[in-house]
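The values are calculated or read from the model by the stated rules, or taken from the named source; none is laboratory data. Just so you know, these numbers come straight off a predicted model, no measurement behind them. Heads up, the Cβs are rebuilt from the backbone with ideal geometry, glycines too, and the neighbour counts pull from every protein chain shown. Areas reflect the complete protein model, heavy atoms only, side chains present, ligands, DNA and RNA absent. Shrake-Rupley method; radii C 1.70, N 1.55, O 1.52, S 1.80 Å.
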Amino acid sequence: MSLIFMYVVLLLLPILLSVLVRKKFARLGGFLITIVLSSVLMSSTVIATWWFFDFRLEKKIAVLDRDGDGFWSPEEEASWTEDEKRNMEVYIADGGRNVFAAIIFPIFSVVYSFMVVGVYWVVCVVRKLRKNA
């Protein structure tokens, strides 16, 4: 539940930062600052979460090498519990988790931030022009 809340906050982050930054910087500089701050905060949060889960999974997998030689022998595999086998399946089957968190998500966050901040700033400019007209 807390991860869902965190991701909802991350999706709203560009708007929240736009509101805060626009009060101080209402021109192109503020627009760019908002995009950079938003994408850095979004990316760093997701990458830190990925590192945490990967670290926990690595800890669970490290104990499967009972004799510490770096290889899983048939004897070691026979001694694994069902939970340890399930952890191993997750570890081996989810090879793409590094790519999304470390490479694709920063690109996604820049594009998402640009789109959301751009729409917010256009709406603010249009409202200001209508108010002045």
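Within 13 Å, Cβ to Cβ, of residue 67, how many net charges do the neighbouring residues add up to if Lys/Arg are +1 and Asp/Glu are -1?
-4
Please list, or write none, the lysines whose alpha carbon is within less than 17 Å of the alpha carbon of residue 24, excluding same-chain residues fewer than 8 places away.
Cross-link targets: 128.
Which value, in Å² and to the nearest 10, is the accessible area of residue 7 when all protein chains are kept and the probe is 1.4 Å?
Solvent-accessible area, nearest 10 Å²: 90 Å².
What Kirkwood radius, in Å to one decimal, follows from the Cα pairs of the stretch 18-123?
Kirkwood hydrodynamic radius for the stretch 18-123: 16.8 Å.
As an exercise, identify the trypsin sites (Lys or Arg not before Pro) in the stretch 1-107 lying in DSSP coil whose Cβ has no more than 10 other Cβ atoms within 10 Å.
Counting only loop positions with at most 10 other Cβ atoms within 10 Å, the trypsin sites (Lys or Arg not before Pro) in the stretch 1-107 are 27.
Most fluctuating residue of 92, 35, 47 in a GNM of the chain with Cα springs under 10 Å: which is it?
So, out of 92, 35, 47, the one fluctuating most is 92.
Rolling a 1.4 Å sphere over the protein heavy atoms, what is the accessible area per residue of the chain, to the nearest Å²?
In whole numbers, the chain has 71 Å² accessible per residue.
In deg cm²/dmol and to the nearest 500, what is the mean residue ellipticity at 222 nm of the chain if only DSSP H runs of at least 4 residues count, each as -39500 (n - 2.57), divided by the residue total?
-27000 deg cm²/dmol
In the chain, carbon and sulfur make up what percent of the accessible area (probe 1.4 Å)?
Ligands and nucleic acids excluded, carbon and sulfur reach 72 percent.
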